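Enquirer: Before I ask anything, let me first share the structure, which is written out below as structure tokens.
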Amino acid sequence: MGPRELCGLLAEPDRLAVFAAVTLGATTPDQVAKTTGTPLREVMAALRRLERAGLLYQVDGALTADREAFKRAVRETAATSPPAEPLDADPARDTILQTFLQQGRLTQLPAAWGKRRVVLEHIVAAFEPGVRYPEREVDATLRAWHPDYASLRRHLVDEELMAREAGTYWRIGGPTLLTD
């Protein structure tokens, strides 16, 4: 069962409450009803559905939850998910970028200078060399990467990837695409 099916199964509040009660130690339908405050009839319907799906089963007449179902669902998805699109042709740089960028957003700025430099070089590529940008536009572009856009802007200037003068910024460093 994948994460989608698992979430769909537990999206119904009664089934979620029943699963939680069994996970926390309720071993009979009566205990589940008492724990959840759900009528016994609804508990029985939820139990049947959860047992058919394999999330609950009985061992010596006691209800037991399959607590490993979540781990299996995640592993199944990880095994069948296509690999992430590389962010850099260099595998070492790509590993760094994949670590600190999730869904096109910077999760955190690396503390180590070398890793931080790789991330900043990737971000500065959002700016065209030779084009002058007003601070507002730089902030808007960097805000798409991370909420602390002012720190990003400062790091780009400190690392001499961008320069500034009178509220105008321009790219002065970072990788460029070479064409023949």
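No value in this document is a laboratory result; all are computed from the given coordinates. Note that this is a predicted model, so its numbers are computed, not measured. Note that each Cβ is placed from the backbone with ideal geometry, even for glycine, and that neighbours are counted across all protein chains shown.
Enquirer: Which longest uninterrupted range of the chain lacks any GluC sites (Glu not before Pro) assigned by DSSP to a loop state (not H, G, I, E or B) and surrounded by at most 16 other Cβ atoms within 10 Å? Please report the intermediate quantities before stating the final value.
Expert: Values: sites that count: Glu68, Glu159, Glu160.
Counting only loop sites that pass the neighbour cut-off, the longest clear stretch is 69-158.
Enquirer: Helix 113-124 against the longest principal axis of the chain: what's the angle in degrees, Cα atoms only, rounded to the nearest 10?
Expert: Helix 113-124 sits roughly 80 degrees off the main axis of the chain.
Enquirer: The stretch 114-132 to the stretch 1-16: how many Å between their Cα centroids?
Expert: Each part's Cα centre sits 43 Å from the other's.
Enquirer: Take the Cα gyration tensor of the stretch 1-121, multiply each eigenvalue by 5, square-root it, and list the three semi-axes largest first, rounded to whole angstrom.
Expert: For the stretch 1-121, the ellipsoid semi-axes come out as 45, 15, 12 Å.
Enquirer: Apply the Debye scattering formula to the stretch 99-180, with a single equal point scatterer on each alpha-carbon and no solvent, then give log10 I(q)/I(0) at q = 0.11, 0.17 Å⁻¹.
Expert: Summing over Cα pairs of the stretch 99-180 leads to -0.26, -0.63.
Enquirer: Let me ask you something else. At 222 nm, what helix-only mean residue ellipticity would the chain give, in deg cm²/dmol to the nearest 500, using -39500 (n - 2.57) for each DSSP H run of four or more? It would help to have the intermediate numbers written out before the result.
Expert: Values: 9 runs with 94 residues, N = 180.
So the helix-based figure for the chain works out to -15500 deg cm²/dmol.
Enquirer: Something else about it: For the chain, take the longest principal axis of its alpha carbons; what is the angle in degrees between that and the long axis of helix 13-23, to the nearest 10 within 0 to 90?
Expert: 80 degrees
Enquirer: Give the separation of the Cα centroids, the stretch 31-70 to the stretch 83-113, in Å.
Expert: Measuring centre to centre over Cα atoms gives 43 Å.
Enquirer: Still on this structure, I have one more. In debye, nearest 20: dipole of the stretch 1-100 around its Cα centre with unit charges on the Cβ of K, R (+) and D, E (-)?
Expert: 380 debye
Enquirer: Can you give the local net charge around Asp88? Use residues other than it whose beta-carbon is closer than 14 angstrom to its beta-carbon, Lys and Arg +1, Asp and Glu -1.
Expert: Numbers: positive: Arg93, Lys115, Arg117; negative: Glu85, Asp90, Asp94, Glu121.
Residues near Asp88 contribute -1 overall.
Enquirer: Sticking with this one: If you stretched the chain out fully between Met44 and Ala20, how much longer would it get, using 0.36 nm times the residue separation minus the C-alpha to C-alpha distance? Write out the running numbers ahead of the final one.
Expert: Numbers: separation 24, 0.36 × 24 = 8.64 nm, distance 1.45 nm.
Gain on stretching Met44 to Ala20: 7.2 nm.
Enquirer: Right, next: Viscosity 1.567 mPa s, temperature 4 °C: what is the translational diffusion coefficient of the stretch 2-71 from Stokes-Einstein with a Kirkwood Rh over Cα pairs, rounded to a whole number of µm²/s?
Expert: My calculation gives 110 µm²/s for D.
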